[in-house]
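Participant: Here you go, one structure.
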Amino acid sequence: MNGASNLFKCPADRFIAPVQANLRWQRVRSVSVDILVGESNAEGGPFDPSTYKHVRKLSEFLYPVPAEAHVFLDEHPDSINDPGFFPPSQTSWIDVPAVQHHGGAAFGFADSHAEIHRWRGSLSTIKAFYGGNTSLNVSVTAPVGDPDVHWMSYHTARPGTNSY
């Protein structure tokens, strides 16, 4: 890494809390990994195992296929509290994706391609800058049938064809 302190940080992420700016701190990470991918302790986490599946190797991506399954993503600066990203429930977000790419977030997929997805539902109205939430977790609820929850649910490893 040659001392690169921002290897896991999106260049578009320039959001820090005022107290951090006064101390001349900088954010070094904005990218999280899907907690359900790889050798993690995901089974004890807050996700619905009837909707989502923990995968440990590429051949286990069946729904969706690797070209449609995200592995990495930009996480919102008020949400990023650890390196793992939990998928949403049917009506709320456990962790919140970023919105700094014109209302969207960057995703890295299991087949190694990347894309930016713009939000159209519950995430389309949250702010793209640090809001000063002292708990780091921003709370976002979603109505049943929310297009953003559906997109994330569809692009997260699942045991079958069902998604929210």
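The values are calculated or read from the model by the stated rules, or taken from the named source; none is laboratory data. Here the structure is a predicted model, which is why all the values come from computation and not from measurement. Quick reminder, even Gly has a Cβ in these numbers, built from the backbone with ideal geometry, and neighbours come from all protein chains shown. Side chains included, ligands, DNA and RNA excluded: accessible areas come from the protein's heavy atoms. Shrake-Rupley method; radii C 1.70, N 1.55, O 1.52, S 1.80 Å.
Participant: Taking springs between alpha-carbon atoms closer than 10 angstrom, which of GLN100, GLN26, GLN90 fluctuates most in the Gaussian network model of the chain?
Facilitator: Among GLN100, GLN26, GLN90, the largest GNM mean-square fluctuation belongs to GLN26.
Participant: If you don't mind, there's one more thing I want to ask. Would you list, by chain and number, the aspartates and glutamates whose Cα falls below 18 Å from the Cα of LYS57, excluding same-chain residues fewer than 8 positions away?
Facilitator: Cross-link targets: ASP34, GLU39, GLU43, GLU68, ASP111.
Participant: What does the accessible area of PHE72 come to, in Å² to the nearest 10, when a probe of 1.4 Å is used?
Facilitator: So the heavy atoms of PHE72 present about 100 Å² to solvent.
Participant: List the lysines whose alpha-carbon lies under 25 Å from that of LYS127, not counting same-chain residues fewer than 8 positions away?
Facilitator: LYS9
Participant: To one decimal place, what Kirkwood hydrodynamic radius in Å is obtained for the chain from all pairs of distinct Cα atoms?
Facilitator: Numbers: mean 1/r = 0.0618 Å⁻¹.
The answer is 16.2 Å.
Participant: Can I ask one more? I'd like the accessible area for SER139: 1.4 Å probe, protein heavy atoms, all chains in place, Å² to the nearest 10.
Facilitator: Near enough 110 Å² of accessible area.
Participant: Still on this model: How many Å² of accessible area per residue for the chain, probe 1.4 Å? The partial results should precede the final answer.
Facilitator: Details: 8720 Å² over 164 residues.
The answer is 53 Å² per residue.
Participant: Please give me, ordered by residue number, the chymotrypsin sites (Phe, Trp or Tyr not before Pro) of the range 19-63 that lie in loop per DSSP and have at most 11 other Cβ atoms within 10 Å. Before the final figure, lay out the partial values.
Facilitator: Details: sites: TRP25, PHE47, TYR52, PHE61; in loops: TRP25, PHE47, TYR52, PHE61.
Filter output for the range 19-63: TRP25.
Participant: Turning to a different aspect of this structure: Longest span of the chain, sites excluded, free of trypsin sites (Lys or Arg not before Pro) in DSSP loop with at most 15 other C-beta atoms within 10 Å?
Facilitator: On the way: sites that count: ARG14, ARG24, ARG56, LYS57, ARG120, LYS127.
After excluding every exposed loop site, the longest remaining stretch is 58-119.
Participant: Roughly to the nearest percent, how much of the accessible area of the chain is carbon and sulfur, given a 1.4 Å probe?
Facilitator: Numbers: 4810 of 8720 Å².
Roughly 55 percent, rounded to a whole number.
Participant: Shifting gears a bit: Using helices alone, I'd like the mean residue ellipticity at 222 nm for the chain: each DSSP H run of four-plus residues gives -39500 (n - 2.57), total over residue count, nearest 500.
Facilitator: Numbers: 2 runs with 13 residues, N = 164.
So the calculated ellipticity at 222 nm is -2000 deg cm²/dmol.
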